[in-house]
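K.L.:
Dropping a structure here in structure tokens format, bear with me for questions.
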Amino acid sequence: MSLEVSPSAQAPEYARPARLRRPTRAARTGASPFDPDESPLGRTRRARRMARELAVIHPDAHCELDFTNAFELLVATVLSAQTTDKMVNKVTPRLFARYPDAVALAGADRTELEEILKPTGFFRAKSNSVLGLSQALVERFDGEVPGRMADLVTLPGVGRKTANVVLGNAFGVPGLTVDTHFGRLVRRFGWTEESDPVKVETEIAELIPKKEWTDFSHRVIFHGRRVCHAKKAACGACGLAQWCPSFGIGPTDPESALKLVKTPSASDTE
Ligand code: SF4
């Protein structure tokens, strides 16, 4: 499906023309898109319908951090705070060539480590995190990354978000990754009113089948990066428009909306 746009504009595959309709009440008035009168069954059905559509819109959604094992993914996820996955991917080849496992990284020279991590920002704090993390892995887990949530969250600097990324992508254990995009989108979808990431995770876990959690997280994050941006949502080019109670918080006409849609190469900026 392609948008009708001027010949000069090329619509990415994931840009879909919204069915023309008025902005929703929430979009017009700034009210919460969460409808307390929507039944749990109705909300679950709507959520699953939207989740199926997300799978069609973003068939390529995946973890955008490069890694070859659980240790690399854990460290890369910690480094991805406050920077882009692309920047982390530029730094980690050198990092893992120098320090290939927890034992090596636990014994790293701090000055050298900080120099490697500098491009990711907050490099002193991140050096502390990965040193502490590696030391804990060596001391308590024989240098191996544990494959259980209960163990992962005991590691310094590892919360449920990071743990779910590692479990979902390195261990095949389904996990919901509640990052800034995920939280913003599921609130705009009217699936939850919660802002606390753990409460968001609990509520969304009730709506989406467990086996889909990891892929679903990637698709929501892709949609947040490419279409449903924090400041200017591309509502008129959004394939979820007909089910979304926030439709109209951004431009609703396809041509204006399409200009807001980011290409994959430009989408890793938030
Ligand atoms: S872009 Fe607009 S219609 Fe699409 S999910 Fe975001 S708020 Fe809803």
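K.L.:
Pull out all pairs, ordered by first then second residue, where Cβ-Cβ is under 9 Å, the residues are six or more apart or on different chains, the first lies in the stretch 129-145 and is at positive phi, and the second is charged (D, E, K, R).
P.N.:
Note: pairs meeting the criteria are G143/D101.
K.L.:
Can you name the residue in the stretch 158-172 that is buried (at least 20 other Cβ atoms within 10 Å of the Cβ) and within 12 Å of W213 (Cβ to Cβ) and is also farthest from the chain's Cα centre (by Cα) among such residues?
P.N.:
Among residues in the stretch 158-172 that are buried (at least 20 other Cβ atoms within 10 Å of the Cβ) and within 12 Å of W213 (Cβ to Cβ), the one farthest from the chain's Cα centre (by Cα) is L167.
K.L.:
Still on this structure, please answer the following. Looking at (1) modelled with pLDDT of 95 or more; (2) in the same structural domain as M149 (by TED's automatic domain parsing); (3) of a type in the set (V, I, T), can you tell me which one T84 breaks?
P.N.:
(1)
K.L.:
Residues that are touching a residue at least 24 places away in the same chain (Cβ under 8 Å), within 12 Å of the ligand (Cβ to nearest atom) and within 23 Å of D85 (Cα to Cα): list the helices (runs of 4 or more DSSP H) wholly contained in the stretch 162-270 that include at least 2 such residues.
P.N.:
Counting at least 2 such residues, we get 180-188, 213-226.
K.L.:
Let me ask you something else. Does A81 satisfy the condition of being more than 22 Å from the chain's Cα centre (by Cα) and surrounded by fewer than 21 Cβ atoms within 10 Å (Cβ to Cβ)?
P.N.:
No.
K.L.:
Does the stretch 117-157 hold any residues that are within 14 Å of A76 (Cβ to Cβ) and surrounded by fewer than 20 Cβ atoms within 10 Å (Cβ to Cβ), and which are they?
P.N.:
Within the stretch 117-157, P119, G157 qualify.
K.L.:
Exactly one condition in (1) of a type outside the set (G, A, S); (2) over 30 Å from I249 (Cβ atoms); (3) in contact with a helix residue (DSSP H, G or I) (Cβ under 6 Å, 6 or more places away or on another chain) is not met by L176; state its number.
P.N.:
Single failed check for L176: (2).
The values are calculated or read from the model by the stated rules, or taken from the named source; none is laboratory data. Only a predicted model underlies this, so the values are computations on that prediction, with no experimental measurement involved. Virtual Cβ from ideal backbone geometry, glycine too; neighbours counted across all protein chains shown.
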